Each structure stands twice: as C-alpha cells, then as structure tokens.
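The values are calculated or read from the model by the stated rules, or taken from the named source; none is laboratory data. This one's a predicted model, so the numbers in the text were calculated from it and none came from an experiment. Cβ placement follows ideal geometry from the backbone for every residue including glycine, while neighbour counts extend to all protein chains displayed. In case anyone asks, the SASA skips ligands and DNA or RNA and just uses the protein heavy atoms, side chains included. Shrake-Rupley method; radii C 1.70, N 1.55, O 1.52, S 1.80 Å.
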Amino acid sequence: MGKLVDVSHQVSDGMITYPGIPEPAIEEGSAVPGAAPGLGKSSGRVEMVGATGTYVDMPAHRYRDGADSADLDLERVADLPGIVVDATSAAQIGPEVFAGLDLRGRAVLVRTGWDRNWRTEAYGGDDHPHLTELAAKTLVESGAVLVGIDGVGVDDTSPSAEGARPALAVLLAAGVPVVSHLCLLDRLPEEGFRFFAVPAKIRGMAAFPVRAFAVLD
C-alpha cells in the first residue's frame with residue numbers, strides 16, 4: 001500500500017463546523033457495572049448532526065428518491081482515482097478552472113486553501129470560495145464521480161445568494177456525492193492517488209461525517 005494522507009478535520013466536543021450548525025456533544029466511555037476485566041467501559045456517545053466536520057452530502061440531501069447513507073454505492077466514495085485542481089486564486093470558481101483536465105471517473109478535489117481558516121471566525125465568512133452553477137455542470141459533463149472542496153461547500157452562502165444552492169443541486173441530481181470541509185490538499189500530488197470518503201451505513205442520513213484520506217500510488 002502507498003503512503004496514506006489524511007485530509008479530514010478532527011471532530012471534537014463543542015466544535016463549530018459552520019455558524020448555525022449545532023455543535024457535537026461527545027461523552028467519553030463510562031464504567032459498566034459487572035463488566036469482565038478489560039471490558040469495563042462503554043464505547044462512549046456522540047450526538048451531532050450529519051453536517052459535522054468533514055462530511056459527504058448524498059443525493060437524498062436534495063432529492064427524495066436519491067441515495068442516502070445506507071444506499072450509497074461504495075464505488076462512488078471509495079478507491080477512486082483522484083485529481084487535485086488548484087483554485088487558490090479564484091473566489092468564484094468557474095468552468096475554466098477545469099478546462100483541459102481529464103476528470104472522467106475521478107474524485108475531483110478542489111483546493112482553495114480556505115482550510116487555513118478552520119476554527120476561526122473567518123472560516124464561515126460570506127467570502128469563502130465556491131463553484132458557479134456552470135462549473136458544477138462542467139464537472140458533471142466531464143464525468144466526475146465525486147467532488148470535494150477544502151472549504152465551507154460548493155455554493156455561495158452570502159445573503160445575496162438568498163439560500164440558493166445551484167452547484168450542489170446540479171451535482172447531487174447527477175448522483176455525484178459532494179465532500180465539504182476537506183483539508184491539507186496541498187499534501188497531495190495533482191494526480192497519482194486513490195481517494196476514500198466513506199460514511200457510516202445509516203438509513204435516513206443524507207449527510208454524514210467521513211474520514212477522508214488518499215492513498216498515494
């Protein structure tokens with residue numbers, strides 16, 4: 001196996017993923033009365049929403065008949081040939097960023113560098129990088145099977161957007177999972193790696209945290 005590179009954020013008790021998203025509550029394991037030696041504690045408890053830390057949005061997030069965490073094909077989130085696309089110079093990421101790139105069958109990871117602001121007030125600011133709707137359509141037409149970004153998400157979340165999420169809608173309608181809040185994409189080569197971002201298999205969850213990582217060839 002090649003070198004493993006973790007590109008997901010740690011989830012901790014009370015952390016803020018994005019303003020307005022409930023904070024996770026994590027309880028450490030507690031003593032279990034009468035347990036056998038070596039098995040004296042429970043495994044702990046976590047209460048959180050699906051959109052916590054580094055997570056994947058699945059088609060069911062927007063479309064009732066779309067795949068949720070229990071239905072999602074592993075081929076969509078595991079062992080995918082990856083490509084990192086440098087978008088560090090663009091606040092609004094258009095289709096030109098992907099021009100001339102072979103994206104078919106790949107996990108397309110958009111590197112903006114916004115992860116440098118993680119756990120700061122700036123991270124959730126309205127000026128975070130995002131895709132345009134046309135960029136999302138280009139990704140679908142180019143055959144991308146997964147899209148990831150090292151920031152808040154693929155859409156503009158400023159008040160002027162009025163809550164519209166066109167890029168996410170386009171990608172999920174095409175069955176393309178979207179991984180948000182990646183990090184450390186500068187540790188990956190542009191090509192030559194396999195990408196994994198597998199959520200737990202839970203019925204009814206349309207977004208769920210992942211341990212996103214790459215295996216370098």
### Message
Checking E121 against (1) closer than 26 Å to L72 by Cβ; (2) without any contact (Cβ under 8 Å) to a residue 12 or more places away in the chain; (3) among the charged types (D, E, K, R): exactly one of these is not met. Which one?
### Response
(1)
### Task
Go through segment 157-174 and give me each residue that's assigned to a loop (DSSP other than H, G, I, E, B), open to solvent by 40 Å² or more (accessible area, probe 1.4 Å) and under 15 Å from I93 (Cα atoms).
R165
### Task
Output the number of the condition that M205 fails; it satisfies all remaining conditions of (1) in contact with a strand residue (DSSP E or B) (Cβ under 6 Å, 6 or more places away or on another chain); (2) surrounded by 15 or more Cβ atoms within 10 Å (Cβ to Cβ).
(1)
## Note on the structure
Going through (1) open to solvent by 40 Å² or more (accessible area, probe 1.4 Å); (2) under 26 Å from A122 (Cα atoms) one by one, V179 fails only at (1)
## Note on the structure
Condition set among the charged types (D, E, K, R) and within 18 Å of A214 (Cβ to Cβ), scope segment 103-128, selection most open to solvent (accessible area, probe 1.4 Å): answer is R111
### Message
For segment 175-207, which positions are among the aliphatic types (A, V, I, L, M), touching an Asp or Glu at 6+ places or on another chain (Cβ under 9 Å) and part of a loop (DSSP other than H, G, I, E, B)?
### Response
L184, I202, M205, A206
### So V85, is it open to solvent by 50 Å² or more (accessible area, probe 1.4 Å) and in contact with a strand residue (DSSP E or B) (Cβ under 6 Å, 6 or more places away or on another chain)
no
### Query
Would it be correct to say that L134 is surrounded by 13 or more Cβ atoms within 10 Å (Cβ to Cβ) and farther than 29 Å from G204 by Cα?
yes
### Task
Identify the residue in segment 10-45 that is open to solvent by 80 Å² or more (accessible area, probe 1.4 Å) and polar (S, T, N, Q) and, among all such residues, is modelled with the lowest pLDDT.
S43
### Task
Test G148 against the criterion of being under 15 Å from Q92 (Cα atoms) and under 17 Å from the mean Cα position of the chain (by Cα), and give yes or no.
no
### Message
Given the criterion over 17 Å from V145 (Cβ atoms) and open to solvent by 30 Å² or more (accessible area, probe 1.4 Å), identify the matching residue among G50, G100.
### Response
G100
